[in-house]
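Written out below as structure tokens is the structure these notes cover.
Read-outs throughout are calculated quantities, based only on the coordinates presented, and are distinct from any laboratory measurement. What you are looking at is a predicted structure, and each value in this text was computed from that prediction instead of being measured. For neighbour counting, all protein chains shown are included, and Cβ atoms are generated from backbone atoms with ideal geometry for every residue, glycine included.
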């Protein structure tokens, strides 16, 4: 089989790239996935979307991505297929004075880049999140531009739109290796035969590292397990996603459109642990952390608990764009837990790299694989939610 563009990875990043390319008029695009669509990190995420990061690169990328989320949710775009963007905001709670001072610095950064965050008092926090017990809060950082989407609605919308634009999607087609020669990637070897392409895009999440190793390119990625749970449903209680900045493991809680609460917290894990591992200490740890602010969560029932990977890069920023070794392959991976929220801007960046020679967002050019060889790592501290 021979195609124009082969995208390896059928999560939200791969679909966003395929959709954006097809909207620009590109034909003969094939997306392949080793399992079903959204079977990797996409289908296991909490779907938060925010620009309140600590690096310029993330803030600018996510400011652009949020604008695209809003556009995509309109009826003339993917909204007609069910994609929604609920702009309910984010709230980061500080219980230490030094965190309040950090929030003030972050607000200056955000505001300078066009993101209208602000530091709010405990009284204002209570107005934003009425059920919270805010007496131990010193202040909070409020990001009103943030929000959430709904993963399976979003995947369905992208699949529907991609197919209508002529994109082909092959599921249960694992790519075992890439074949290269003469400075170009020639083919992808799958269980169903080889696929040749003019251009290859690797958006395979946790599988990206092994795939690139098959052509001698090392991507510094680690798969870090993260745990999450969902509760029984209640009437709407609050809109923002709420994160405790000062608690160990950065616990957070958000309510879905159906009324369930998604609650998560980082707990100590070794990289590359299998996703099937169950940590019985997770539930009491996450509940005890959030019960400080919401005492009533100790009395609600948990419906489901699952594990997903944060596919992390050394500096917790995505790895975008071309690689030095081959002229016709591009990377979109290493999001460190933020691939879902970045997906629309990922599609824009990779499409512009292919069709225009460079992305229109200059910060994206700082995020190629080359930065690790040159020691240009970019710090990011807000790597949850």
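How big, in percent, is the set of alpha carbon pairs in the chain lying more than 35 Å apart?
When all Cα pairs of the chain are counted, 23 percent exceed 35 Å.
Starting from the Cα of residue 374, step 7 Å along the direction of its Cβ; do the same at residue 163; then give the gap between the two resulting points in nm.
4.3
Under a crude label model (7 Å from the Cα following the beta-carbon direction), how far is residue 153 from residue 104 in nanometres?
Placing both labels 7 Å beyond Cα along the Cβ direction yields 4.0 nm.
Multiply the residue gap between residue 189 and residue 258 by 0.36 nm, knock off their C-alpha separation, and tell me the result in nm, one decimal place.
Value of the extension gain: 20.7 nm.
Compute the separation of the alpha-carbon centres of region 124-189 and region 227-270 and state it in Å as a whole number.
17
Which ordering of 296, 92 is given by a fewest-first count of other beta-carbon atoms within 10 Å?
Neighbour counts put them in this order, fewest first: 296, 92.
Residues in region 348-385, backbone N under 12 Å from the label point at residue 56 (7 Å along the Cα-to-beta-carbon vector): list them, ranges by number please.
362-364, 366
Take the Cα radius of gyration of region 257-340 and divide it by 2.2 N^0.38 Å, with N its residue count; two decimals is plenty.
Normalised Rg, Cα atoms only: 1.50.
Quick check: Cα centre of region 297-353 to Cα centre of region 49-65, how many Å?
14
Between residue 39 and residue 97, what is the FRET efficiency for a Förster distance of 51 Å, r being their Cβ-Cβ separation, to the nearest 0.05?
In this case the efficiency is close to 0.70.
If we count other beta carbons within 10 Å of each Cβ, what is the order of 376, 370, 301, 265, fewest first?
301, 376, 370, 265
At 0.36 nm per residue, minus the direct Cα-Cα distance, what do residue 291 and residue 67 gain on full extension? Give it in nm, one decimal, please.
Once the chain is fully extended between residue 291 and residue 67, it gains 77.2 nm.
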